[in-house]
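To start, the structure under review is shown below, and the notes come after it.
The values are calculated or read from the model by the stated rules, or taken from the named source; none is laboratory data. These figures come from a predicted structure and were not determined experimentally. We place every Cβ from the backbone using ideal geometry, glycine too, and count neighbours over all the protein chains shown.
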Amino acid sequence: MESLSRVVGRVVLAGAGDVRHMGELRRLSETLGLEVCGEIEQARRDPSAYLGGGKRAELNEMVSALGAGFVVADDELTASEARVLERDAGVAVVDRTELIIRIFEAHARDAPSKLQVELAEMEYLLPRVRGMWRHLERLGGGLGSSGGAAVRGPGEQQLEYDRREIRARMEKLRSRLAGERSARGVRRARLREAGIPKAALVGYTNAGKTTILNRLSNAGRSTKDRLFETLETTTRRVEGSSRDGVAGASGGKHGFAPDFTLTDTVGFIRKLPTQLVESFASTLEAASDADLLILCADASSPHLDEEVETVKETLSESGSLSGKPIIPALNKADLISVPESARLSARYGGSVLTSALGGEGFGPLLDRIYEEISAMRERMEVLIPHSSYEDAARLYGMAEIHASEDRVDGVLMDVSLPASFAPSYSRYKVGL
């Protein structure tokens, strides 16, 4: 298949069925540099050719009049549906699944992402191989030299060979990806042992997750305004700090704020192709392993509620929610009015409105993160002798330190500890 990421052309969008997302399909097409010059819709999906006969004739006229080089369908098509639609439209037809795979292909930067995209392409291609060799099938099917059973022609032989090659490549890809999953598991285990709180940014594609990562951790990741700009999970450590020994890293009410890790993930989308499930494995793992989730959403989107629900449903199906705290972060607040901001704040209780343009809301968001971290911890007052200095030093970056006082007999500290580390400091607890 020719890679659409290297083709710039005029396309007509086609949508059929009760639920269509033509605006999103347009954005997906434009993300690959395709120029959308027309759209055609039908309320009912034809079971044999996606669009009905009348609509296919209309599509052919539209393609000719507009000089379009492709038709892009809003759903995944079967091989037979695509063949009929291509025949009647007179141009190549690309379905939603292949379009998204090509976007992933164009944006994949690291080795695991490239492996995941290649596996998705193989899974998409396998059931469609037969259509690629239809011209060779006409050459086979004759009788054997003895006049008995039919002999397989070159088309059938080529089909078997291609399928065998694709399956073999898929096995190699799955094996390499299994190794990547194991490596991610080791890294997550090390973070758990360190006792550092973990937050994960989850949300719809292009909702502003990477912007938050950059603002809170100075990650410097790309934030281009296009769908699926981020295709790999990225974890950064947000270092805790104090301000005059009173205010926390956000300038809020905390003493010495603890370090925490913040993980950026791949954005979700409606009608997520099943072939790309592997590409979201690290995202679902990060969400499942996190202590809290920051659910990012585009406050200016006309489909905000539906996009948030898509994210929640996907995470819920994978068991990644499991009752953990969720902080709604409504990004791009500079694009909505003050009354709309108030409505959304009421609609999404406990949400934080942020704006990359004005740099607003990131301090309050950091305060909310620290509040959730604090709620998951055990607070105690400890007196650590100077001879055990390493235990006191260890608290910085791991614990939330509300107050600290040097004494002759040691350091008196009011701290909030991760529950798993509280027993190891119980011997220093004041009042035992």
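Residues that are of a type in the set (A, V, I, L, M, F, W, C) and under 20 Å from residue 100 (Cβ atoms) were ranked within region 28-48; the one that is surrounded by the fewest Cβ atoms within 10 Å (Cβ to Cβ) is 36. Taking region 252-362 as the region of interest, the strands (runs of 3 or more DSSP E) fully inside it that hold 2 or more residues being at pLDDT 90 or above are 292-298, 326-331. Tell me, please, whether a residue that is small (Gly, Ala, Ser) and closer than 27 Å to residue 268 by Cβ can be found in region 60-78. Yes, because at least one residue in region 60-78 is small (Gly, Ala, Ser) and closer than 27 Å to residue 268 by Cβ. Is at least one residue of region 102-111 in contact (Cβ under 8 Å) with a residue 40 or more places away in the chain, acidic (Asp, Glu), touching a helix residue (DSSP H, G or I) at 6+ places or on another chain (Cβ under 7 Å) and closer than 30 Å to residue 233 by Cβ? Yes - at least one qualifying residue is present in region 102-111. The set of residues in region 39-57 that are outside any helix (DSSP H, G or I) and either out of contact with any strand residue (DSSP E or B) (no Cβ under 9 Å at 6 or more places or on another chain) or assigned by TED's automatic domain parsing to the domain that holds residue 127 (or both) comprises 47, 48, 49. For beta carbons closer than 9 Å, sequence separation of 6+ or different chains, a first residue in region 58-78 that is not assigned by TED's automatic domain parsing to the domain that holds residue 120 and a second that is of a type in the set (Phe, Trp, Tyr) and part of a helix (DSSP H, G or I), the qualifying pairs are 76/124.
Remark: pairs (first residue in region 275-290, under 9 Å from residue 202 (Cβ atoms); second residue buried (at least 20 other Cβ atoms within 10 Å of the Cβ) and modelled with pLDDT under 75; Cβ separation under 8 Å; 6+ apart in sequence or on different chains) = 283/233; 286/233; 287/320. Counting only residues that are farther than 19 Å from residue 121 by Cβ and among the aromatic types (Phe, Trp, Tyr), region 268-294 holds 1 of them.
Within the set 395, 366, the sole residue that is in the same structural domain as residue 334 (by TED's automatic domain parsing) and either under 28 Å from residue 324 (Cβ atoms) or under 36 Å from the mean Cα position of the chain (by Cα) (or both) turns out to be 366.
Here residue 18 meets each of (1) in contact (Cβ under 8 Å) with a residue 12 or more places away in the chain; (2) surrounded by 15 or more Cβ atoms within 10 Å (Cβ to Cβ) with one exception, condition (2).
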